[in-house]
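Worksheet for the structure shown next.
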C-alpha cells in the first residue's frame, strides 16, 4: 500500500496540517484502517479506494473514524493529481458526509463541501470551565461547538483545559474572532480532544461552519481565514447556497510504502445486523436522510435544488416519526447496523403517490418497498442488497407475495435495472425534460433464498 504525508493548507513544508494518505489496492477492514491511523499518529489519515471514475474516501484519527475532514480531503486530491493516480481536473469522493468534489486551479485546490450551519446554543458547563475566559457567543451544529471571543490575541493565547473538554459531547470546539490583520477576515483555533486530537493545526471542515457564521456577521460571501495554530494555515472561502468552496494549497513531505501485509478483502455484509427499527435508532436514521438524500440529488446533477432536497428530507422524517408514534403503523422500517452504527435503512408500506400516478392506480393494492438509503461510504458493499433480502424474507413469512418499488434518481435506476430487470412502468419527463420515473413490480419469491 502506497502511503504519503502531505501538509495541507500551506505551500511550505512542515506548516499547515499534516495528513497521511493511503492508496488502497482493495478493501481492508475498519480495524486495519484504525490501526494504520494509530500508527501514523497524525490528526487524520485518509484511505482512498478507486471505484470507476470516483473514489471512496474515509478519514480516521488515531482513535476514531470521523464523518468529515477538510485537510485530509485536500491532501488526498493533491496526491491523486501529483502522483498521477487521476488525470481529470475534478475528482469525486464518496464519503460519510455524501459526495464531495475537488478541482484544481494551478497550485490551488478547491473543495466543494456542504455547509454546516450553527445555531445559538446554551453551552454546557464543561465547555465553559474548559474555556476559562469570557466569550461573546456560543453556537452548535451537528459536529461542533463554535465560540466567538473578543479578538485575535485572545484566540492565540487561549490555553484550554483538555481534560475537561474531553467530556463535552461533540466532535470538537472551534474558537474564533475577527482578525486584526489587513487582508484576513477572521481567525480560529480548533480543538478535538473527544476524538484524540487536542488541537488540530488547520481544519477544513470547521470552516463549513465558520464560513457562513462570518458571512452573516461581515456581510461577505468571499472570505480569507487563518487558523492560528503553531503550524498555521490559510484558507480562501466562498459561500454559496447550501455549499461552501474551500480553497487551499498542499505540499508532499513523505512518500513510502506500508510493508505490513494488508488483510484480504472482506465481505462487509458479514458484519451487518439487520433488525426492525426502534425509537432509539430514529436520530441515526434522520442523519442518514440528511446525508444520503442531498448526495443522491448531487449525483444526478440537482444539488442546487435546496428546497426540493429539504422537502424530501422532512417528508421522510415525518413518515418515519409517524410510524413510531402509531400503535399499529401501516409502514415499518428495518435498519442495518455495523458495530452498533446505523448505516442503512429500508421501509415497506402502502405504495406512494408517485407509483399510483405512474401506473394509473394499477398497483394501489401492492405494498411498496422504499426509503432504501445507505451511507455513501458503505455503498457498493452489499448493504443495500442485504436490506432488501432481509425485508423480502420477512414479507414472505407474512404471506406477502408481491412488492413494488420506484426511483426517480438516475444513479439508483442504473442499479435497479441490473437488480430488478425491466420496469413495470416508465414515466418519461416525469420530473421535467429528460427525466424519467421508473416503477418495478416484483415477486417476493424471486428475491428469497
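The values are calculated or read from the model by the stated rules, or taken from the named source; none is laboratory data. Computed from a prediction, not measured in an experiment: that's the story for all the values here. For neighbour counting, all protein chains shown are included, and Cβ atoms are generated from backbone atoms with ideal geometry for every residue, glycine included.
Let's see how each residue does on (1) farther than 15 Å from residue 370 by Cβ; (2) assigned by TED's automatic domain parsing to the domain that holds residue 349; (3) at pLDDT 90 or above:
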| position | (1), (2), (3) |
| --- | --- |
| 404 | no, yes, yes |
| 409 | no, yes, no |
| 412 | no, yes, no |
| 416 | no, yes, no |
| 425 | yes, yes, no |
| 429 | yes, yes, no |
| 432 | yes, yes, no |
| 443 | yes, yes, no |
Give region 211-228 a look and list any residue that's closer than 18 Å to residue 152 by Cα and in contact with a strand residue (DSSP E or B) (Cβ under 7 Å, 6 or more places away or on another chain), or say none.
211, 213, 214, 215, 223, 224, 225, 226, 227, 228
Any residue in region 176-190 that's on the phi > 0 side of the Ramachandran plot: show its pairings with residues that are at pLDDT 95 or above at Cβ separation under 9 Å, as long as the two are six or more apart or on different chains.
183/224
If you scan region 1-56, which residues turn out to be assigned to a loop (DSSP other than H, G, I, E, B) and in contact with a helix residue (DSSP H, G or I) (Cβ under 7 Å, 6 or more places away or on another chain)?
9
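Could you say whether any residue in region 161-175 is more than 24 Å from residue 72 (Cβ to Cβ), out of contact with any helix residue (DSSP H, G or I) (no Cβ under 6 Å at 6 or more places or on another chain) and surrounded by fewer than 17 Cβ atoms within 10 Å (Cβ to Cβ)?
Filtering region 161-175 down to residues more than 24 Å from residue 72 (Cβ to Cβ) leaves 161, 163-164, 167.
This time we only want the ones that are out of contact with any helix residue (DSSP H, G or I) (no Cβ under 6 Å at 6 or more places or on another chain), so: 163.
Okay, now just the ones that are also surrounded by fewer than 17 Cβ atoms within 10 Å (Cβ to Cβ), so 163.
Looking for residues that are more than 24 Å from residue 72 (Cβ to Cβ), out of contact with any helix residue (DSSP H, G or I) (no Cβ under 6 Å at 6 or more places or on another chain) and surrounded by fewer than 17 Cβ atoms within 10 Å (Cβ to Cβ), one finds at least one in region 161-175, hence yes.
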The conditions are (1) in contact with a helix residue (DSSP H, G or I) (Cβ under 9 Å, 6 or more places away or on another chain); (2) modelled with pLDDT of 95 or more, and residue 272 fails exactly one of them. Which is it?
(2)
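Considering 241, 232, which residue is on the phi < 0 side of the Ramachandran plot and surrounded by fewer than 20 Cβ atoms within 10 Å (Cβ to Cβ)? Spell out how you get there, then give the answer.
Numbers: 232 fails: on the phi < 0 side of the Ramachandran plot.
Within the list 241, 232, the selection yields 241.
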Restricting region 33-57 to residues that are surrounded by fewer than 24 Cβ atoms within 10 Å (Cβ to Cβ) and either in contact (Cβ under 8 Å) with a residue 60 or more places away in the chain or in the same structural domain as residue 170 (by TED's automatic domain parsing) (or both), the residue that is nearest to residue 87 (Cα to Cα)
51
So residue 211 ticks every box in (1) surrounded by 23 or more Cβ atoms within 10 Å (Cβ to Cβ); (2) not in a helix (DSSP H, G or I) but one. Which box is left unticked?
(2)
Can you tell me how many residues within region 70-102 are in contact with a helix residue (DSSP H, G or I) (Cβ under 9 Å, 6 or more places away or on another chain), under 20 Å from residue 291 (Cβ atoms) and in contact (Cβ under 8 Å) with a residue 24 or more places away in the chain?
12
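Of all residues in region 6-30, which are farther than 27 Å from residue 272 by Cβ and surrounded by 20 or more Cβ atoms within 10 Å (Cβ to Cβ)? Explain how you work it out, then say what you get.
Here is the first cut: in region 6-30, the residues farther than 27 Å from residue 272 by Cβ are 6-21.
Within region 6-30, 6, 7, 8, 9, 10, 15, 16, 17, 18, 19, 20, 21 qualify.
Can you tell which of 298, 290 is crowded, with 20+ Cβ neighbours inside 10 Å and either in the same structural domain as residue 241 (by TED's automatic domain parsing) or part of a helix (DSSP H, G or I) (or both)?
Working: 290 fails: crowded, with 20+ Cβ neighbours inside 10 Å.
Answer to the check: 298.
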Sole exception among (1) touching a residue at least 60 places away in the same chain (Cβ under 8 Å); (2) under 21 Å from residue 10 (Cα atoms); (3) surrounded by 21 or more Cβ atoms within 10 Å (Cβ to Cβ) for residue 152, by number
(3)
Say we look at region 279-301 and pick out the residues that are without any contact (Cβ under 8 Å) to a residue 40 or more places away in the chain and more than 18 Å from residue 97 (Cβ to Cβ); which of these is nearest to the chain's Cα centre (by Cα)?
301
I'm trying to understand the selection: among the residues of region 192-201, which are closer than 19 Å to residue 157 by Cβ and in a loop (DSSP other than H, G, I, E, B)?
201
